[in-house]
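Here, each number is a calculation from the coordinates, and none is a lab measurement. Computed from a prediction, not measured in an experiment: that's the story for all the values here. Virtual Cβ from ideal backbone geometry, glycine too; neighbours counted across all protein chains shown.
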Amino acid sequence: MLSRFFSKKRLWVIPLYYALYMAAFWALENHTPQRLHLLHTVLDDWIPFCEYFILPYLLWFPFIGAAVGYFALFHRNVREYWQFCLSMAIGLTLFLLISWLYPNGQNLRPALAAGENIFVDLVRMIYQVDTSTNVLPSMHVFTTMAVASSLDRCRSLKKYRGFRRAVWGLSILIILSTLFVKQHSAIDMFSGILLYGGIYWLLYRKEIGRQPELQAENL
């Protein structure tokens, strides 16, 4: 039964899960917990605020959107499509569960003066639309890792080494940006990476170490 379901892309799964996730996230953001665990490390104190990192931070939005569009509309490998979708869905769902069970936040954001420069204004805009709660693990980091790894493993993109290196380069900047614009603590970043590492092993454990050309095209 499952093998039959996963034999095709089932594109309707993406908007359905997105709608369910956003509804759950909205409820989470509007829930006031009895206790909020503030996350902070010494490493956070060593990392200075740098407003210029707002550029790679904002590039996360088209980066994720382009990847979803590519796997949904252009990528032909059904197995890789489902590996990408499942990695995203599992991670986002676990994030919601963690946030409900362990309400968390951070108080790392600096006070920013309006009109200092356009980069500071962009950071202030992000601060206004995105709360400093529910930050563990960082979904900015997790989803960036999921996209970069999924694109890097694509059989159809193996010959485009420059593109794959550019994807990882942008991904590193996006991950670092979460720290330099003080949207996340180092704990959030590392937990996002570890979360993806566990999901990566779960979804790719049978393929780790195998040559890409020997991997099956479909499930």
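Some points to look at:
- Remark: for residue pairs 8/182; 8/206; 182/206; 158/182, the C-alpha separation exceeds 32 Å in 8/182; 182/206; 158/182.
- Highest-fluctuation residue, 147, 129, 181 considered, GNM on the chain with Cα pairs under 10 Å: 129
- Debye intensity ratio in log₁₀ form over the Cα atoms of the stretch 42-203, taken at each q of 0.09, 0.13, 0.16, 0.20 Å⁻¹: -0.31, -0.64, -0.93, -1.31
- Proximal charge balance of residue 105 [Cβ under 14 Å; K/R count +1, D/E count -1]: -1
- Total formal charge among the other residues, if their Cβ is under 15 angstrom from that of residue 73, Lys/Arg +1 and Asp/Glu -1: +3
- Trypsin sites (Lys or Arg not before Pro) within the stretch 1-80, DSSP loop, no more than 15 other Cβ atoms inside 10 Å: 8, 10, 35, 76
- The stretch 23-89 has equivalent-ellipsoid semi-axes of 32, 21, 13 Å, by the square roots of 5 times the alpha carbon gyration tensor eigenvalues, sorted largest first.
- With the simple spin-label model, which puts each label point 7 Å out from Cα in the Cβ direction, the residue 4 to residue 31 separation comes to 3.6 nm.
- Take 102-114, 131-143, 45-57 and order them by the average number of nearby Cβ atoms within 10 Å per residue, most first; the result is 131-143, 45-57, 102-114.
- For the chain, relative contact order (Cα pairs under 8 Å, six or more residues apart, normalised by length) works out to 33 percent.
- Residues in the stretch 131-148 that a label on residue 40 would reach, taking backbone N under 16 Å of a point 7 Å out along Cα→Cβ: 132-133
- At 1.306 mPa s and 10 °C, Stokes diffusion of the stretch 33-138 via Kirkwood alpha-carbon radius, µm² per second: 96 µm²/s
- Summing +1 for each Lys or Arg and -1 for each Asp or Glu among the other residues whose beta-carbon sits under 13 angstrom from that of residue 203 gives +2.
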